[in-house]
Amino acid sequence: MAAGDLTSLSNVKAWLSVSSSGDDALLGRLVTSASRSILNYIGRPNLLVHSVNEVRNGTGTERMMMREFPVLAVSSVSVNGSVIPAQPVNQPLAGGYIFDPWDGQDASGPQRLQLIGYSFYCGSGNVTLQYTAGFQSVEDDVVPVGATPSIVVARPWAGDVSVTYATGAALTPVASAPAVGQYAVSAGTYAFNTGDGGQSIIISYSYIPEDLEQVCNEVVGEAYRRKDRIGQASKSLGGQETISFIQTKLNATAQAMLDPYRLVAPIGR
């Protein structure tokens, strides 16, 4: 699965019931093309966990909807060059910023950033927000005891974020043959050293929401079948019936599944 792809070659072949490898290169190109079309449609550069530096116009209010979602953490808020601190934990009357935490629902929509005792003063480009956004899953697990301990994550894996012991100590990622305190990951399978067998760990990774993955499978499937009927809008079968073919790259069903993920320019850009 190449960087930026929303599905894998194996998933597409399963959807199409294709078992041969003759068209693997073609299907791989179609996956990348379909993924880019979908990301363009929903207005996102990618879905992975990433840092966002957002410059906005102040609205004169105490609230602002952040542009990307889901937001995992806010690291910095500044207005007119002054840094606004985070509100201290368990001090609801103290000044600072707070934000609505992600509820874990894939298409939950934009999240609100709110200032307590401060304001997003009116201005042009005078507000800077720095935060981490993207689809991240966090899974607790135990490293299996055995000769080649490995764990397969539950959701469609798209990129590694981190692995830690339950104590919070971080394991180090390596390309292969991990030693104790290390791990290697490939396509959502995390490999560990036998010396870590039985250890409780926490795996954090970027994932592709399952409905977006399915839309990508379907778009690739339609493009793949369309190569055998280029230019055809319909086909008559013995004069008894006519089959009509969908001509658009994203049909109405696909668009309906994608719309909840679209990024829209918030008020007070």
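In the chain, the longest principal axis of the Cα atoms and the axis of helix 210-226 are about 30 degrees apart. Beta bridges assigned by DSSP with both partners in the range 50-133 are antiparallel in approximately 95 percent of cases. Counting 0.36 nm for each residue step from S150 to N40 and taking away their Cα separation leaves a gain of 36.1 nm.
Taking 0.36 nm per residue of sequence separation and subtracting the Cα-Cα distance, how much length would be gained by fully extending the chain between V264 and V52, in nm to one decimal?
Fully extending the segment from V264 to V52 adds 74.8 nm.
Give the relative contact order (percent, whole number) for the range 1-108; include only Cα pairs under 8 Å separated by 6+ residues.
Details: 61 pairs, mean separation 17.7, N = 108.
Relative contact order, the range 1-108: 16 percent.
The value of relative contact order for the chain, using C-alpha pairs under 8 Å at least six residues apart, is 23 percent. Taking label positions 7 Å along the Cα-Cβ direction at both A2 and T167, the computed distance is 4.3 nm, reported to one decimal.
Placing a label point 7 Å from the Cα of T194 along the Cα-to-Cβ direction, the residues of the range 136-168 whose backbone N falls under 20 Å from that point are 142-152.
The T61 and A107 beta-carbon pair, evaluated with R₀ = 35 Å, returns a calculated FRET efficiency of approximately 0.85. In the set (i) -0.58, -1.07, -1.25; (ii) -0.38, -0.94, -1.38; (iii) -0.46, -1.00, -1.37, the label that goes with log10 I(q)/I(0) by the Debye sum over Cα atoms at q = 0.09, 0.14, 0.17 Å⁻¹ computed for this structure is (i).
No lab work stands behind these numbers, since they all come straight from the coordinates. Quick caveat: nothing in here was measured; it's all calculated off a predicted structure. Don't worry about glycine lacking a Cβ; one is built from the backbone with ideal geometry, like all the others, and counts go over all protein chains shown.
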